[in-house]
Structure formats: C-alpha cells, structure tokens
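*Asks:* If you scroll down you'll find the structure; I have some questions about it.
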Amino acid sequence: MRIRPLPPARPERSCLLALCVPALDGLTPDLLQQVDHTLAQCDAASLRDDVQIVLAEAINNIVEHAYAGPGFGAVALRVTLTKTSLCLHLTDWGHPFPDNANPDGQVPDPQDRSEGGYGWFLIRALASRTRYTRKAGRNRLCLLFRIPRKHPG
C-alpha cells in the first residue's frame with residue numbers, strides 16, 4: 001500500500017496537527033492524547049471531550065470496517081481550525097461505506113442488547129456536521145465542530 005500526501009489545508013484554516021498512522025486499535029489512545037494536547041492549547045479547548053468521543057468512534061470504525069479482513073492500512077488525520085470551527089479530516093484507503101454514504105446515525109433500540117450501533121449515533125449527536133466522500137480509492141470523512149462563542153463578561 002502506498003500512502004499519499006493529503007492536499008494542503010485551505011489558507012483561511014490553521015492546520016493544528018497532521019498525522020498518518022497505521023490503522024490499529026492499539027494506536028488510538030496515543031492519537032487521542034496527541035489531539036487532546038493540541039486542542040488544550042487553542043480556542044477549541046472547550047470541545048476536547050466531544051472530540052475525544054467522536055474521534056475514538058471514527059477511528060474504531062475505520063479499523064473495524066474500512067480495513068476489515070486480512071492485513072491492515074493507514075489513517076491520515078488533519079485537524080484544522082478557523083475562527084468559528086474545528087474540523088477533523090480523516091482519510092483512509094480501505095473499503096467504502098455501504099452505499100458510499102454516511103450512516104444515518106439513528107438512535108439505537110435500547111431493547112437491543114448488542115454492543116454495537118452507538119458509534120454513528122454519538123458522532124452525529126456530538127459533531128455539528130459530518131461529510132463523507134469516496135474518491136480515487138480514498139474514504140474522506142470531515143467531522144466539523146462549531147466553536148462556542150465567547151460571551152463578553
């Protein structure tokens with residue numbers, strides 16, 4: 001597998017972090033820690049808890065579904081910041097989403113005792129917007145979080 005560079009961030013966006021790592025469950029805690037440390041030092045610090053949950057769910061989905069089967073792949077993460085939003089850009093080269101579309105994130109049935117089914121519900125509940133595209137063998141997921149306005153006082 002060949003890892004390709006990500007296109008540069010837009011000029012109005014500040015790139016806070018850009019990484020490309022193997023898509024392995026064992027690396028998720030280190031990745032989450034790096035993102036948390038980065039966010040603690042910027043205007044998006046108030047989003048740290050939500051970002052941790054959403055990013056953990058998204059990485060888990062990539063590892064379990066995009067790279068299901070033998071072998072493994074990579075996931076690229078770029079975290080960008082504008083005056084009003086924080087965006088996590090995830091890229092992988094694994095299997096596409098079913099029907100090449102974002103899962104709907106419907107509320108799971110609480111009577112269903114299965115362990116799965118809550119990931120996309122949490123992602124949609126905590127992120128302000130999600131966007132998935134599949135192009136040239138790449139899955140791209142953008143998870144946008146609006147930065148709460150600071151009230152003078």
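The values are calculated or read from the model by the stated rules, or taken from the named source; none is laboratory data. Values in this document were obtained by computation on a predicted structure and should not be read as measured data. Cβ sites come from the backbone with ideal geometry, for glycine too, and all protein chains shown count toward neighbours. Accessible surface areas use protein heavy atoms only, side chains included; no ligands, DNA or RNA. Shrake-Rupley method; radii C 1.70, N 1.55, O 1.52, S 1.80 Å.
*Asks:* When only residues in the stretch 38-58 that are without any contact (Cβ under 8 Å) to a residue 60 or more places away in the chain and assigned to a loop (DSSP other than H, G, I, E, B) count, which is surrounded by the most Cβ atoms within 10 Å (Cβ to Cβ)?
*Replies:* Among them, the one singled out is CYS42.
*Asks:* Being outside any strand (DSSP E or B), modelled with pLDDT of 85 or more and among the aliphatic types (A, V, I, L, M) is true for just one of VAL107, VAL75, VAL21, VAL35. Which residue is that?
*Replies:* VAL35
*Asks:* Condition check: assigned to a loop (DSSP other than H, G, I, E, B), within 19 Å of ARG124 (Cα to Cα) and either modelled with pLDDT under 95 or β-branched (Val, Ile, Thr) (or both). Does ASN61 satisfy that? Write out each step before concluding.
*Replies:* Numbers: assigned to a loop (DSSP other than H, G, I, E, B): no; within 19 Å of ARG124 (Cα to Cα): yes; either modelled with pLDDT under 95 or β-branched (Val, Ile, Thr) (or both): yes.
Taking the combined requirement at face value, the residue does not satisfy it.
*Asks:* Any residue in the stretch 83-111 that is open to solvent by 90 Å² or more (accessible area, probe 1.4 Å) sitting within a Cβ distance under 6 Å of a residue that is at pLDDT 90 or above and assigned to a helix (DSSP H, G or I)? List the pairs, counting only those 6 or more apart or interchain.
*Replies:* HIS95/ALA66
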